[in-house]
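Values quoted throughout were computed directly from the atomic coordinates according to the rules given, and no laboratory measurement underlies them. Note that the structure is predicted; figures quoted are calculated from it, not measured. Every residue, glycine among them, receives a Cβ derived from its backbone with ideal geometry; neighbour counts consider all protein chains shown.
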Amino acid sequence: MKKMISGIKPSGSPTLGNYIGAIKNFVHYQNEYELYVFIADLHAITIRQDPLELKRNTLDIATLYIACGLNPNKCTIFVQTDVLEHANLGFILNCFTYMGELTRMTQFKEKSQNTNNDSIGVGLFTYPPLMAADILLYDVDYVPVGEDQVQHLEITRDIAIRINNLYNQKVFVIPDKIVNKVGARIKSLQDPSKKMSKSEDPSDKGCIFLLEDPNKAYKKIMSAVTDNEMLVKYDPDNKPGISNLIQIYCSLKDVSIETCEEEFKDSNYGTFKKAVAEIVKTTLENIQSRFKEIRYTDKLAEILNEGKLKAQKIASKKLLEIEKVIGLK
Ligand code: ATP
Ligand code: LTN
């Protein structure tokens, strides 16, 4: 079986974007790949976090993985800081990553844009080599990511190839990205030029949170911005709001864009929005009912502990291998 890894950072309450762009796909992948999924808590602290919220979001995401259908018997679920090798390899990779490369990262540019240099943590700058460490420790073949993370995967490959060439041996497996076409970038419901994000506008009407009241989510869809054309047609450049709702609908219903356009070809936006709102509401209700069964039980701690042990075993072996190659051991 080919190997695969991905993670979500607990930098806010998880969103419908995280579900459609990430978690939902992981559920499929667990049957086809040896899958590792983790909660990237170190990546979360590259932006200042409230300690209680960070802890809560970490466990919420772990629970959501399971509530959304990940089966701990089929895949390995763990918390990044439970496996110290991530930070360790992260530092090593910092030494093989160039300032110029990191300066070009669009996520760094976006997240540091409105902050002055004296208050941007260096961790935000060195975010990509830590992400590379997450990936390269497990010799994975594939990394499923949203569009926003493609550049980070490319730098991961560059770093791995660089080290393999420098030491003239196959230290690292070079991973490939998998970007799903539908739902790769769900947009804000209020400003469809921006991505739906858990950390950018935490209280925003543009963002649907997986753990929010499903009726509130329903209303957010009903008040999503659209256009004046009254035509349910996928055209992200000219009809970003409607195209975003189509993406949400198609992903949650598991239908193609063509099927959706056909289904609503004679409908007005009110009817279409209701259909989207309904499926969003039902999806949240289902996830939340399973979430409640797991979140405050010993079972969750057990699953995370098992995941930690499995991940540690692989990561420590790989780290030792690299340390030997570069002369640290
Ligand atoms: P932030 O909003 O704090 O930058 P994020 O949600 O983008 O966080 P992660 O939590 O690490 O970042 O993302 C986990 C996964 O969810 C990634 O694969 C990411 O690409 C995907 N994802 C996040 N937001 C969206 C979105 N709006 N549409 C599609 N996929 C998304
Ligand atoms: N940077 C990613 C989260 C992340 C990740 C990873 C994804 C951290 N490490 C390793 C895939 C593989 C994000 O913001 N979505």
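Normalised by the residues of the chain, what does the relative contact order come to in percent, with Cα pairs under 8 Å and at least six apart?
Numbers: 509 pairs, mean separation 71.8, N = 329.
Relative CO of the chain lands at 22 percent.
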Subject >> 28 Å Cα-Cα threshold exceeded, pairs from LYS187/LYS216; LYS109/LYS170; LYS2/LYS313; LYS194/LYS313 >> reply: LYS109/LYS170; LYS194/LYS313
**OP:** Project the alpha carbons of segment 35-127 onto their principal axes and report the range along each, largest first, in whole Å.
**Re:** 43, 29, 21
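Which of LEU211, LEU89, LEU245, LEU328 comes first, and how do the rest follow, when ranked by fewest Cβ neighbours within 10 Å?
Values: LEU211 18, LEU89 23, LEU245 29, LEU328 11.
Ordered by Cβ neighbours within 10 Å, fewest first: LEU328, LEU211, LEU89, LEU245.
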Original post:
Which residue fluctuates the most in the chain, going by a Gaussian network model with Cα springs under 10 Å, if the choices are LEU35, LEU231, LEU252?
Top reply: LEU231
**OP:** Note the full-extension length gain between GLU110 and LYS74 as 0.36 nm times their separation in residues minus their Cα-Cα distance, in nm to one decimal.
**Re:** 9.3 nm
**OP:** Identify which of ASN71, ASN88, ASN114 has the largest mean-square fluctuation in a Gaussian network model of the chain, with springs joining Cα atoms closer than 10 Å.
**Re:** ASN114
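In segment 5-86, what is the volume of the convex hull around the alpha carbon atoms, normalised per residue and reported in Å³? Let's see the in-between values first.
Details: hull volume 7.3 nm³, N = 82.
Expressed per residue, the convex hull around the Cα atoms of segment 5-86 is 88 Å³.
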**OP:** Principal axes first, then extents: for the Cα atoms of the chain, list largest minus smallest coordinate on each axis, whole Å, largest first.
**Re:** 67, 45, 39
Original post:
Based on the Cβ-Cβ distance of LYS2 and LYS317, what FRET efficiency does E = 1/(1 + (r/R0)^6) give at R0 = 22 Å, to the nearest 0.05?
Top reply: 0.70
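What trypsin sites (Lys or Arg not before Pro) does segment 1-49 have in DSSP loop regions with at most 14 other beta carbons within 10 Å? The partial results should precede the final answer.
Details: sites: LYS2, LYS3, LYS24, ARG48; in loops: LYS2, ARG48.
Sites meeting the loop and neighbour criteria: LYS2, ARG48.
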**OP:** Restricting things to alpha carbons, tell me how big segment 120-230 is in terms of Rg and Dmax, in Å.
**Re:** 18.8, 60
Original post:
Counting DSSP beta bridges in the chain, what percent are antiparallel, to the nearest 5?
Top reply: 10
**OP:** Return the aspartates and glutamates within reach of LYS317: Cα separation strictly under 18 angstrom, same-chain partners fewer than 8 residues apart disregarded; answer none if there are no such residues.
**Re:** GLU34, ASP82, GLU85, ASP134, ASP139, ASP141, GLU306
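Can you give the local net charge around ILE23? Use residues other than it whose beta-carbon is closer than 14 angstrom to its beta-carbon, Lys and Arg +1, Asp and Glu -1. Don't skip to the answer; put the middle values down first.
Details: positive: LYS9, LYS24, LYS198, ARG290; negative: ASP60.
Around ILE23, the charge tally is +3.
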**OP:** Run the quick spin-label model on ASP237 and VAL122: label points 7 Å from Cα toward the beta carbon, then report their separation in nm to one decimal.
**Re:** 4.4
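I'd like the Kirkwood hydrodynamic radius of segment 70-110, using the inverse of the mean 1/r over distinct C-alpha pairs, in Å.
On the way: mean 1/r = 0.0773 Å⁻¹.
After inverting the mean inverse Cα-Cα distance, the result is 12.9 Å.
Select from segment 213-299 those trypsin sites (Lys or Arg not before Pro) which occupy a DSSP coil region and have at most 16 other Cβ atoms within 10 Å, ordered by residue number.
Counting only loop positions with at most 16 other Cβ atoms within 10 Å, the trypsin sites (Lys or Arg not before Pro) in segment 213-299 are LYS233, LYS265.
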Original post:
For segment 231-329, what's the radius of gyration and Dmax over Cα atoms, in angstrom?
Top reply: 23.1, 68
Original post:
Within segment 33-112, which chymotrypsin sites (Phe, Trp or Tyr not before Pro) sit in a loop by DSSP and count at most 14 neighbouring Cβ atoms inside 10 Å?
Top reply: TYR98
Original post:
Mind checking the log10 I(q)/I(0) for segment 97-157 at q = 0.27 Å⁻¹? Debye, one equal scatterer per Cα, no solvent, two decimals.
Top reply: -1.22
Original post:
For the chain, modelled as a Gaussian network with Cα springs under 10 Å, which listed residue fluctuates most, GLU53, GLU306, GLU229?
Top reply: GLU229
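I need HIS86, HIS43, HIS28 ordered by Cβ neighbour count within 10 Å, fewest first. Could you put the intermediate results ahead of the total?
Working: HIS86 25, HIS43 22, HIS28 13.
Fewest-to-most ranking of HIS86, HIS43, HIS28: HIS28, HIS43, HIS86.
Which net charge results for the neighbourhood of SER251, defined as the other residues with beta-carbon distances under 12 angstrom from its beta-carbon, given Lys and Arg at +1 and Asp and Glu at -1?
Numbers: positive: LYS24, LYS181, ARG185, LYS253; negative: ASP254.
That sum, taken over residues with Cβ under 12 Å, equals +3.
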**OP:** Provide the FRET efficiency to the nearest 0.05 for the ASP139-LYS181 pair, computing r from the beta carbons and using R0 = 25 Å.
**Re:** 0.40
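Order by neighbour count: SER188, SER199, fewest other Cβ atoms within 10 Å first, most last. Provide the component values of the computation, followed by the final result.
Working: SER188 23, SER199 15.
Arranged by neighbour count, lowest to highest, SER188, SER199 become SER199, SER188.
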